[in-house]
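**Student:** Questions regarding the structure given below will be posed in turn.
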Amino acid sequence: MTSTPSPTPEHTAGWRPAARALGRALVGRSLRVTAGLRQTWRRSLQVRVVTITLVVSSLLVGGFAYLIADKITSILLDNAETDVLLRLRNGSDYSAKQFNLYSQPQEAQLQDTIEGTVNYLAGGDPQQTSGVVVAITADNYAGIIETRTSPAMDVRPLVSRELRAAVADGKVAHQIRTGRLTGEPTKYLVYGSPVPTRFGQLELYYLVPLNRQDATAADARATVLATGVALVLLLGLLAALVTRLVVTPVRVAARTAQRLSAGLLDQRMVVNGEDDLALLAASFNQMATNLQRQILRLEEMSRLQRRFTSDVSHELRTPLTTVRMAADLIFAERDGFDPAVARSAELLQAELDRFEELLTDLLEISRFDAGFAMLDSEPTDLVPVVHRVADRLAGLAERVGVTIELAVPTTPVIAEVDPRRVERVLRNLVGNAVEHGEAKPVVITLGIDQTAVAVTVRDQGVGLKPGEEKLVFNRFWRADPSRARQTGGTGLGLSISLEDARLHGGWLEAWGAPGQGAQFRLTLPVRSGDRLTTSPLRLVPADATLPFGGPRDGDLLAIGPGGGGVLAIGPGPTAMPDERAEARS
């Protein structure tokens, strides 16, 4: 006798990882299929409409089919019961007449009469070949009167004790039983009735097979089911066709709208017929035409405005040069003038300087608007650039009582940038911080990592009020118009700084809170053309107090009343054109 070897630990260790891998693969596949179905359900209106139609119609048709099939089965059973009950009554009356001839159950002729009566009742059935069984029993005279059936077979398994008891009590009762009389299990309708005689009571039973009724009911159910399935499929097909008629123009409208949003203003929908969908297409085309006309008009107005700004700036150069020459001559001889005239000469010189700076900024803005600004990138060490900006603004900082503090590395910080534009950005940021520093230190921090270089300018001034972070880089915007200015700013400095940062592919971000000052962060890629993802310096200062636990670096914040705000502006998803804001000029 051989024994089956038990699995070794090596075998177990072999199939368990395989089973786990198979399970993970099946789970992953099911998740992918589920995700695909969920995505199709969300994106396709036609799939949703057809699915809902199929589900609802299936429920309705299934309910009606069940009711119809149940009704047909009930009708067939009622007809069978009526027919059997009529036979039972006639058979009971006939049997009573035959058995009333006997006064004692022991009479020898009684058994023969019972057998003859059973055969007569069974033979009198016109559908005798259908398998109807007639039986006469005498439970009160067991051992005296034997049970007789026609055809001869044992019917006791089909006549339950409850039915015998009910008939023995003198009641007409029936039940449906399934049994095996002729070889195959068959469902029978069993009816029993008492037969009164002079010597007592006998019981007459009719056992009628329900094969024909079951077959008819099954055919009816199959017919109803097939009709219901065909109806559901037809409804689903109809829903798909109707939905397609509606969804197709909507899809065409969506594609046309996408092309319009992409700048293809000549795209239009095809108008077919005069129905509601045709009216929708015509209205959509009219809307697109009006939008195209309006956009073209606005583009033309914008082009004329940019050209006007550029032309005016250029045209003002010539008279400004003449006025500058005269003003320089007057300013040089101011010591020999009356003190009031000398002061006027100084004011004229200062305003001419500011006017010249404004013209320069307007020309720069017009180049940005026209898309003509060019970037001259070269490897540049930003440490001396930061020192140069701090040195140039040291005089202004000394006049307003602000100390400029530098936190820059001792080693070179090299990045591919346009040094002129970067210096201009830093000059605007530091000058802005000094202007609003409230005689408190301004800290300039320089940092670098593998992909980006960043400069932050932190002041401890009044900060930004809630909502002002959305206006930080607007042209000519000032946080406090009544504030006395220490510099002759044009109100365009930070707008130009923003465009310079974008031209580098970088970010210019601002944070501020009332009473906590503000911080601006310029982040540029180390290599020109690279895409920024992070910054080496925090936007929100470490000493800032926020209404909640503090943001992660790079988060965009919209802090409610009592807090500050953070606005990140750059070429990425956070750099929406309508989210430009201008810092305090």
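The values are calculated or read from the model by the stated rules, or taken from the named source; none is laboratory data. This one's a predicted model, so the numbers in the text were calculated from it and none came from an experiment. Cβ: placed from backbone, ideal geometry, glycine included. Neighbour counts: every protein chain shown. What goes into the accessible areas is simple: the full protein's heavy atoms, side chains included, and nothing from ligands, DNA or RNA. Shrake-Rupley method; radii C 1.70, N 1.55, O 1.52, S 1.80 Å.
**Student:** Restricting to the stretch 201-215, name every residue that is of a type outside the set (Phe, Trp, Tyr) and either in contact with a Gly (Cβ under 9 Å, 6 or more places away or on another chain) or within 20 Å of Gly63 (Cα to Cα) (or both).
**Tutor:** Correct list: Gln201, Glu203, Leu204, Leu207, Val208, Pro209, Asn211.
Yes/no per residue for (1) open to solvent by 90 Å² or more (accessible area, probe 1.4 Å); (2) farther than 21 Å from Leu234 by Cα; (3) touching a residue at least 60 places away in the same chain (Cβ under 8 Å); (4) of a type in the set (A, V, I, L, M):
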position	(1), (2), (3), (4)
Trp41	yes, yes, no, no
Val55	no, no, no, yes
Ser58	no, no, yes, no
Val61	no, no, yes, yes
Asp70	no, yes, no, no
Ser74	no, yes, no, no
Leu77	no, yes, yes, yes
Thr82	yes, yes, no, no
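**Student:** Something else: Looking only at residues that are in a helix (DSSP H, G or I) and of a type in the set (D, E, K, R) in the stretch 92-108, which one is farthest from the chain's Cα centre (by Cα)?
**Tutor:** It comes out as Lys97.
**Student:** Another question about this same structure. Based on this model, can you work out whether Gln111 counts as open to solvent by less than 50 Å² (accessible area, probe 1.4 Å) and assigned to a helix (DSSP H, G or I)?
**Tutor:** Considered against the rule, which asks whether it is open to solvent by less than 50 Å² (accessible area, probe 1.4 Å) and assigned to a helix (DSSP H, G or I), Gln111 comes out as yes.
**Student:** As an exercise: evaluate Ala240 against (1) of a type in the set (A, V, I, L, M, F, W, C); (2) under 25 Å from the mean Cα position of the chain (by Cα); (3) open to solvent by 40 Å² or more (accessible area, probe 1.4 Å) and give the number of the one condition it does not meet.
**Tutor:** (3)
**Student:** Out of (1) under 30 Å from Val133 (Cβ atoms); (2) open to solvent by 60 Å² or more (accessible area, probe 1.4 Å); (3) assigned to a helix (DSSP H, G or I), the odd one out for Arg198 is which?
**Tutor:** Condition not satisfied by Arg198: (3).
**Student:** Just to be sure, is Ala122 part of a helix (DSSP H, G or I), under 24 Å from Thr186 (Cβ atoms) and without any contact (Cβ under 8 Å) to a residue 40 or more places away in the chain?
**Tutor:** Taking the combined requirement at face value, the residue satisfies it.
**Student:** Right, another one. Answer yes or no as to whether Leu86 is free of Cβ contacts under 8 Å to residues at least 60 places away in the same chain, open to solvent by 50 Å² or more (accessible area, probe 1.4 Å) and farther than 30 Å from Leu237 by Cα.
**Tutor:** So Leu86 passes the test.
**Student:** Can you tell me which of Val242, Val229, Val250, Val246 is assigned to a helix (DSSP H, G or I) and at pLDDT 85 or above?
**Tutor:** Val229
**Student:** What tally of residues in the stretch 349-390 results from selecting those that are at pLDDT below 90, open to solvent by 60 Å² or more (accessible area, probe 1.4 Å) and over 51 Å from the mean Cα position of the chain (by Cα)?
**Tutor:** Going through the stretch 349-390 one residue at a time, the tally reaches 6.
**Student:** Among the residues of the stretch 544-558, is there at least one that is modelled with pLDDT under 80, in contact with a strand residue (DSSP E or B) (Cβ under 9 Å, 6 or more places away or on another chain) and either open to solvent by less than 10 Å² (accessible area, probe 1.4 Å) or not in a loop (DSSP other than H, G, I, E, B) (or both)?
**Tutor:** Yes, the stretch 544-558 has at least one match.
**Student:** So, one more: When the residues of the stretch 155-189 are filtered to those that are of a type in the set (D, E, K, R), at pLDDT 80 or above and over 19 Å from Asp83 (Cα atoms), which remaining residue is least open to solvent (accessible area, probe 1.4 Å)?
**Tutor:** Arg164
**Student:** Determine, yes or no, whether Val408 is aliphatic (A, V, I, L, M) and surrounded by fewer than 21 Cβ atoms within 10 Å (Cβ to Cβ).
**Tutor:** yes
Let's see how each residue does on (1) among the hydrophobic types (A, V, I, L, M, F, W, C); (2) in contact (Cβ under 8 Å) with a residue 40 or more places away in the chain; (3) over 16 Å from Ala138 (Cα atoms):
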site	(1), (2), (3)
Arg161	no, no, no
Arg164	no, no, no
Arg177	no, no, yes
Leu189	yes, yes, yes
Gly200	no, yes, no
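**Student:** Quick one: would you say Thr12 is modelled with pLDDT under 75 and of a type outside the set (Asp, Glu)?
**Tutor:** Spelling it out, Thr12 is indeed modelled with pLDDT under 75 and of a type outside the set (Asp, Glu).
**Student:** If you don't mind, another one. Quick one: Ala327 ticks every box in (1) farther than 30 Å from Leu352 by Cα; (2) surrounded by 12 or more Cβ atoms within 10 Å (Cβ to Cβ); (3) touching a residue at least 24 places away in the same chain (Cβ under 8 Å) bar one, so which box is it?
**Tutor:** (1)
**Student:** Show the residue pairs that are 6+ apart or on different chains and have beta-carbon atoms under 6 Å apart, the first residue being within the stretch 287-298 and part of a helix (DSSP H, G or I) and of a type outside the set (A, V, I, L, M, F, W, C), the second being modelled with pLDDT of 85 or more and exposed (fewer than 12 other Cβ atoms within 10 Å of the Cβ).
**Tutor:** Here the result reads none, with nothing in the stretch 287-298 linked to a residue that is modelled with pLDDT of 85 or more and exposed (fewer than 12 other Cβ atoms within 10 Å of the Cβ).
**Student:** Just to verify a result, which residue in the stretch 435-476, among those that are of a type in the set (Val, Ile, Thr), at pLDDT 90 or above and over 40 Å from the mean Cα position of the chain (by Cα), is nearest to Leu537 (Cα to Cα)?
**Tutor:** Thr445
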